[in-house]
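Following: one structure in structure tokens, then a few remarks.
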Amino acid sequence: MNQHTNDGKRDHILACLSSAPSNARIIRTAARMAKAFDGQFTALFVETPDFALATEENKRRLEENRKLAEQLGADIETVYGDDIPYQIAEFARISGITRIVLGQSAVTRKHLFGKPTLTQLLLSYVPELDIHIIPDKAADTTYHPKKARQHSNADILKNIIKSVLILLAATLLSLLFHEIGFTRPNIIMVYILGVLLTSIATSHRIYSLVSSIASVFIFNYLFTEPRFSLTAYETGYPVTFIIMFLTAYITGTFAIRYKEQAKQSAKIAHRTKILFDTDQLLSKAEGKEAILQTAGEQIKKLLGRDIILFNHADGQLSEPIVFTDQDAPLFKKTNELEVAQWVLEHNHTAGATTERFPDAQYQYLAIRVNERVYGVVGIDAKDGALDASENGILLSILGETALALENEKNIREKEAAAVLAESEQLRANLLRTISHDLRTPLTTISGNADNLLHNGHSFDEETKRQIYSDIYDDSVWLTNLVENLLYSTRIEEGRMALKPSPELLSEIFEEAMQHIRPKLKGHTVTVFCEDDFMLVRADAKLIVQVIINLVDNALKYTPPETAVYISTAKRGKMAEIKIADTGNGISDAEKIKIFDKFYCGENRIADNRRSLGLGLYLCKAIVEAHGGTICVTDNLPHGAIFHFTLPLEEAAYHE
């Protein structure tokens, strides 16, 4: 049974991640609670400025707790800030958290004047939440995360020199002020400024603390009566010293805190920008390779580590795409490929810093959407495991990459489906058209043959000749139809092999006219060659078919007793052939589509036969295969002109 809150919402359990030894128990309890309530489980890590100073042991324990929460089904989230209770409360309010699980150590105030506990602060921020306290055997032992020693001897020396120089400058300036006649409060402000500058210039608050103490003693020694002595006669001086020290120290402490927050804000801004840029770049990437290339570059920019990306096809990894600053990246190909293949097959993280294949050089993660894996990314683990925030941003990038790959796959499938649907529609149209167009001439041939067979003795010679002519015309039309269909099939299958050779245009025209003359029926075709010896490099048989198709098209759409003109001219390194008619012409709308496959114009064919719309499509394919172009223009005052070009061939002369 599902457990719901009073307002009908599903329970949402929150556990906070930390490096505390007892955190694993809190995570397990929260996971069991989420399962019992059939609710959502989220594990939250609040990254403070001090996290960068944590020891490797604490970072390792935090990573173990994060992995545990992930294994138990938690959504891992990371927020940034210095006020942990406030960050938890804000996240709970925004995310719809209904229950928070805490350890007992977060409940008990250690002494009367201690600061409020995490539980007390959470209740003050979000009193409507249920807070569950988990008994903790170590509740009486306060856990304080240890900070790593981040500074070398050279850094310490550099910080000391900076502190001494700032203190010296403050003292010299104070002496100048004293000689000028400035009052002691002005001099005190100079030393407070020096402490503030020390806190900004150095990398630890201990230097500002020492500077505060030193400032008090120097002020006492140089500027209070008796001078050049640590003795102070006036009764108010001890209070002055204490206030001076506290003011300097508190100011320096706040400066250090703001500096750390500024660093953290800069890091957050950098990571956020990378995430935003990734989203923008992935939306612009076209193709699977471009998407993976973008993802690899952005992950490299985020982590500053060597990255390896694998695409895959049919369950097998592709060659790795390596992103590195090294000339020769260290990549143990055989062993690493086994780990990457395992991740691809099992959709689970493996490799370095994990329990499975921990000896690997890289940590491997699946690029996935739910159970569908689109690739594998490997991250060089020589610098150790990723921290929680890096891991969160990385998972976000991988999620966006997987979605981009899924969208790209969907687009390809839609395009393939559209092409298939169009192909099926074209095939259906073709079969419908062929069945109609074959039926008419075949019926005519069959009927005329039947008449000749059974009634031929009663027909005079003129009638028989007309019947023979009709049978011949229909047979030629069917032959052209079959030829065009065969050429169309060869083009689609890529089997239209050109056999170009030097050819005289005049000879090509003459061969084409032998096929055209029987179809004229009152039309006239005039051929004019600018140069009778104009040579082109072409497959003569195919160009003859182009001319036949274009002239046949002109004859179909022009009335009898009209003329068709064929002419040639040189245009640079190309020969231009024009075929002009004086028919009704072609509209601008039709000119755009007239060379499309199966497109039939709006004009009525003179002999009432339908066209398959293949002739001009084949002309375009053949001409472009020769490296030429084809187009149609108006033949004013009426009619159309088809232009196509072929490459000229240099004539070779031999004595």
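What follows is calculated from the coordinates using simple rules that are stated; it is not laboratory data. On a predicted model such as this, the values are computed, not experimentally measured, just so you know. Please note: Cβ atoms are built from the backbone with ideal geometry, for glycine as well, and neighbour counts cover all protein chains shown.
Summary of values
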read-out: Rounded to 10°, Cα long-axis angle of helix 615-625 versus longest principal axis of the chain; value: 60
read-out: Unsatisfied cross-links (Cα-Cα over 24 Å) in the set 541/578; 301/382; 35/59; value: 35/59
read-out: Degrees, to the nearest 10: 237-284 long Cα axis against longest axis of the chain; value: 10
read-out: Sequence-distant aspartates and glutamates (8 or more away, or on other chains) whose Cα lies within less than 15 Å of residue 67; value: 75, 77, 355, 387, 390
read-out: Local electrostatic count at residue 370 - Lys and Arg +1, Asp and Glu -1, tallied over other residues with Cβ under 15 Å; value: -1
read-out: Rounded if a/c under 1.5, otherwise prolate or oblate - the stretch 12-134, Cα gyration tensor axes; value: rounded
read-out: For residue 75, residues with placed amide H under 5 Å, excluding near neighbours; value: 41, 42, 43
read-out: Quotient of C-alpha Rg and 2.2 N^0.38 Å, computed over the stretch 153-264; value: 1.09
read-out: Amide proton proximity set for residue 369, modelled H, under 5 Å, gap of 5+; value: 374
read-out: Selection from 555, 572, 542, by position along the positive dipole direction of the stretch 494-647 (Cβ); value: 542
read-out: Whether the stretch 289-409 is rounded, prolate or oblate, judged on the alpha carbon gyration tensor where a/c under 1.5 counts as rounded; value: rounded
read-out: Mean ellipticity per residue at 222 nm, deg cm²/dmol - from DSSP H runs of n ≥ 4 across the chain, formula -39500 (n - 2.57); value: -18000 deg cm²/dmol
read-out: DSSP bridge orientation in the chain - percent antiparallel, rounded to nearest 5; value: 65
read-out: Neighbourhood net charge (13 Å Cβ-Cβ; Lys/Arg +1, Asp/Glu -1) for residue 321; value: -2
read-out: Angle between the chain longest axis and helix 388-455 axis [Cα atoms, degrees, rounded to 10]; value: 10
read-out: Net charge of Cβ neighbours under 11 Å - reference residue 24; Lys, Arg +1; Asp, Glu -1; value: +4
read-out: Identified option (computed log10 I(q)/I(0) by the Debye sum over Cα atoms at q = 0.06, 0.08 Å⁻¹; candidates [x] -0.34, -0.63; [y] -0.41, -0.71; [z] -0.66, -0.83); value: [z]
